[in-house]
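Below: one structure, written as structure tokens.
The values are calculated or read from the model by the stated rules, or taken from the named source; none is laboratory data. What you see is a predicted model, and the numbers here were worked out from it, not measured in a lab. Here the Cβ is made from the backbone with ideal geometry for all residues, glycine too, and neighbour counts use every protein chain on show. Note: accessible area is taken over every heavy atom of the protein model, side chains too, but ligands, DNA and RNA are not part of it. Shrake-Rupley method; radii C 1.70, N 1.55, O 1.52, S 1.80 Å.
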Amino acid sequence: MTQHEERAPHVQERTGPGLPGESTAVDGDRPEGAISAAIIAAGAGAAALGLFTTLAEGSKGVADWLQWSDRVGPLSGKTVMAVVVWLVSWAVLHLALRNKERETGRALTVALVLLGLGVLGTFPTFFQLFAPE
């Protein structure tokens with residue numbers, strides 16, 4: 001091989017936390033499932049905030065249930081519940097996808113759709129459509 005020829009990424013056998021004899025690329029791609037899980041969970045948290053905002057506007061019972069602080073009003077429950085949805089979805093998705101080879105592009109698309117729904121749910125012109133007359 002001359003000095004101008006490229007070498008392929010080195011693949012070596014390793015044992016450790018994975019299965020014995022599992023082959024891993026030292027300089028190659030790694031599973032992106034954990035990254036995808038974090039990205040999708042962020043979108044889920046945003047969508048949850050939009051959902052709780054719309055539900056609180058549409059139902060007095062939900063608004064009362066979400067009012068955990070009298071000084072803050074239902075916003076206290078909406079944000080806390082959205083954070084809980086974000087953390088739980090991140091944990092569940094991380095466990096499900098951590099060793100999977102997923103494209104983060106797909107995860108980004110899913111997260112952007114969820115983020116868009118979440119933003120839509122927080123616009124007054126949208127959530128006021130569900131307000132009782």
Discussion item. Looking only at segment 83-114, count every residue that is under 28 Å from Gly61 (Cβ atoms) and either buried (at least 18 other Cβ atoms within 10 Å of the Cβ) or of a type in the set (Ser, Thr, Tyr) (or both) and tell me the total.
Written reply: 4
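If you take the residues of segment 66-82 that are touching a Gly at 6+ places or on another chain (Cβ under 7 Å) and open to solvent by 40 Å² or more (accessible area, probe 1.4 Å), which of them is nearest to Leu129 (Cα to Cα)? Talk me through it step by step, then tell me what you get.
Quick first cut of segment 66-82, residues touching a Gly at 6+ places or on another chain (Cβ under 7 Å) only: 66-68, 82.
Now drop any that are not open to solvent by 40 Å² or more (accessible area, probe 1.4 Å), which leaves 67-68.
Numbers: Gln67: 21, Trp68: 24 Å.
Once the filter is applied, the top-ranked residue is Gln67.
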Item to complete: Determine whether segment 111-126 contains at least one residue that is part of a helix (DSSP H, G or I), touching a helix residue (DSSP H, G or I) at 6+ places or on another chain (Cβ under 6 Å) and over 21 Å from Leu75 (Cβ atoms).
Response: yes
Worksheet item: So is Ala107 free of Cβ contacts under 8 Å to residues at least 12 places away in the same chain and in contact with an Asp or Glu (Cβ under 9 Å, 6 or more places away or on another chain) or not?
Response: no
